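Undergrad: Quick one: this structure, given as structure tokens, is what I'll be asking you about.
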Amino acid sequence: MKYEPINFTCKGCGASTRFSPDTGLLSCEFCNATLEIKSDISQIQTHDLDGALSQLDINTPKEVTKEINCPKCGGGFTFGPHVASTLCPNCQTPTITEFVNNIVPESIIPFEITHKKAKEIFADWVGSLWFAPSELKHLVDSDKKMEGNYLPYWCYDANTLTTYRGERGDIYYVTVQKREVVDGKEQTVSVEEERIDWSNVSGTISRDFDDISISASTTLSDKLLRAIRPWDIGKLRPFDEKFLAGFESQEHTIRVDSGFDTAKNIMSRVIEDDIVEDIGGDEQNIDSMNTIYMDKKFKNSLFPIWTTHFSYKGKEYIYAINGENGKVTGERPYSYTKIAILIGVIVLAITAGIYYR
Ligand SMILES: [Zn+2]
Ligand SMILES: [Zn+2]
């Protein structure tokens, strides 16, 4: 399907503009003119989750192939699946189009880490790795660009009320008489032994949750995304396409109900800790818990992430940097040659030590 680009050209010179993470402004690439992006955080709304769950048929992510013409060179190209903004493959001009899912992002954490800063953070991180292959250090020194991605997230609120049943264990000590052999003579001695007094308990606890953020796409693994948390929800701004200029962005592919199931797992773990505290004593068992979720709300948001890829010995490694706070992560490859050389050096040193003794 053909889509129209949403165009932000410079009013002064007609060149294309890009969002600058360091200034938070839309800037002209050519004449340095800037444009402010209006932001009224009171506009950020949350929506009733039960309402969205009752209309899952229309709230399911859509599969649409978006064809578009670059706003600058006019060349036609096709967006990747679920992509809403990217760079023209011919001339690298920011190309933005509309989100097609029924639930669209209404808030966004804009990039604060610039591309230059992201490369520095990545270089420092790679520099700190022991036994990283030289090829990875070459990647750092190369002019390969990192990719700036806005990935979709669900943010959930809920007030919970949980009833539970379990057991509380209180430790006490008893003195018992034992026969023991002391200095070759059997005699009776007194020893302290630990006992636990278990009693049945039950109770009700409540906890309110605010903005539990859950990835709404499978673009990056959960492991990577967990490692670059936390996200500062206080940085959310009302959505504006201008933030996307120069970055790739994606629509959600994980449904709003699946996201909430994941959020419930996270909430359960917090509630279990609350129950343990509520039970008190020295040991606790939870036999059953039943949670009611009330005032369930959600919003769909975009979070900024820098990524880069590295192929080494037939394996693909992905690195991610939180575009708001600079937290970096990735699976690290090892250079077995470097490790073998070090082992060789150690063996040599030991052998030499023995020889010269
Ligand atoms: Zn200009
Ligand atoms: Zn182009």
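Undergrad: Identify the residue in region 295-317 that is among the β-branched types (Val, Ile, Thr) and under 28 Å from ASP257 (Cβ atoms) and, among all such residues, is surrounded by the fewest Cβ atoms within 10 Å (Cβ to Cβ).
TA: THR307
Undergrad: Look at SER85 and say whether it is modelled with pLDDT under 95, away from ligand 1 (no atom under 16 Å from the Cβ) and hydroxyl-bearing (Ser, Thr, Tyr).
TA: When the stated conditions are applied, SER85 does not pass them.
Undergrad: If the requirement is being assigned by TED's automatic domain parsing to the domain that holds LEU26 and over 30 Å from ASP278 (Cβ atoms), which of these qualifies: SER85, SER128?
TA: Testing whether each residue is assigned by TED's automatic domain parsing to the domain that holds LEU26 and over 30 Å from ASP278 (Cβ atoms) leaves just SER85.
Undergrad: Condition (residue is on the phi < 0 side of the Ramachandran plot, of a type in the set (Ser, Thr, Tyr) and at pLDDT 95 or above) applied to region 115-132: is it met by at least one residue?
TA: Scanning region 115-132 turns up no residue that is on the phi < 0 side of the Ramachandran plot, of a type in the set (Ser, Thr, Tyr) and at pLDDT 95 or above.
Undergrad: Hey, another quick one. Report the residue count in region 11-28 for those that are within 16 Å of ligand 2 (Cβ to nearest atom) and either under 34 Å from the mean Cα position of the chain (by Cα) or outside any loop (DSSP other than H, G, I, E, B) (or both).
TA: Number of matching residues: 3.
Undergrad: Another question, if that's okay. With region 207-322 as the region, which strands (runs of 3 or more DSSP E) entirely inside it contain at least 3 residues that are at pLDDT below 95?
TA: Where strands (runs of 3 or more DSSP E) fall fully within region 207-322 and carry at least 3 residues being at pLDDT below 95, they are 283-312, 315-322.
Undergrad: Is there a residue being surrounded by 14 or more Cβ atoms within 10 Å (Cβ to Cβ), more than 20 Å from SER301 (Cα to Cα) and modelled with pLDDT of 90 or more anywhere in region 143-157?
TA: The answer is yes; a qualifying residue exists.
Undergrad: Hey, another quick one. Take the residues in region 1-10 that are part of a strand (DSSP E or B) and more than 16 Å from ligand 1 (Cβ to nearest atom); name whichever of them is nearest to the chain's Cα centre (by Cα).
TA: This residue is TYR3.
Undergrad: Can you tell me how many residues within region 12-50 are surrounded by 11 or more Cβ atoms within 10 Å (Cβ to Cβ), among the charged types (D, E, K, R) and within 16 Å of ligand 1 (Cβ to nearest atom)?
TA: Within region 12-50, residues that are surrounded by 11 or more Cβ atoms within 10 Å (Cβ to Cβ), among the charged types (D, E, K, R) and within 16 Å of ligand 1 (Cβ to nearest atom) number 2.
Undergrad: Separate question: Taking region 124-158 only, how many residues are part of a helix (DSSP H, G or I) and not hydroxyl-bearing (Ser, Thr, Tyr)?
TA: 11
Undergrad: In this structure, does ILE292 turn out to be surrounded by fewer than 16 Cβ atoms within 10 Å (Cβ to Cβ) and not charged (D, E, K, R)?
TA: Here the answer is yes, as ILE292 does meet what is asked.
Undergrad: Output the residue which, of all residues in region 58-75 that are basic (Lys, Arg) and closer than 24 Å to GLN92 by Cβ, is nearest to ligand 2 (Cβ to nearest atom).
TA: Filtering first and then ranking leaves LYS72.
Undergrad: Does PRO105 fit the bill of being part of a loop (DSSP other than H, G, I, E, B) and either basic (Lys, Arg) or touching a Leu at 6+ places or on another chain (Cβ under 9 Å) (or both)?
TA: yes
Undergrad: Output the qualifying pairs, or none if there are none: Cβ atoms under 8 angstrom, residues six or more apart or on different chains, first residue in region 19-32 and touching a residue at least 24 places away in the same chain (Cβ under 8 Å), second residue within 16 Å of ligand 2 (Cβ to nearest atom) and small (Gly, Ala, Ser).
TA: From region 19-32, the pairs are PHE19/ALA245; PHE19/GLY246; LEU26/ALA245.
Undergrad: Something else now. Residue check: is GLY344 in contact (Cβ under 8 Å) with a residue 12 or more places away in the chain and surrounded by fewer than 18 Cβ atoms within 10 Å (Cβ to Cβ)?
TA: For GLY344, the condition - in contact (Cβ under 8 Å) with a residue 12 or more places away in the chain and surrounded by fewer than 18 Cβ atoms within 10 Å (Cβ to Cβ) - is not met.
Undergrad: Hey, any hits in region 51-67 for a residue that's in contact (Cβ under 8 Å) with a residue 24 or more places away in the chain, within 16 Å of ligand 1 (Cβ to nearest atom) and in a strand (DSSP E or B)?
TA: For region 51-67, residues in contact (Cβ under 8 Å) with a residue 24 or more places away in the chain, within 16 Å of ligand 1 (Cβ to nearest atom) and in a strand (DSSP E or B): absent.
Undergrad: Still on this structure, please answer the following. So which residues in region 76-90 are within 13 Å of ligand 2 (Cβ to nearest atom), part of a loop (DSSP other than H, G, I, E, B) and either surrounded by 14 or more Cβ atoms within 10 Å (Cβ to Cβ) or of a type in the set (S, T, N, Q) (or both), if there are any at all?
TA: Residues satisfying the conditions are CYS88, ASN90.
The values are calculated or read from the model by the stated rules, or taken from the named source; none is laboratory data. Since we're looking at a predicted model, the values are computed, not measured. Virtual Cβ from ideal backbone geometry, glycine too; neighbours counted across all protein chains shown.
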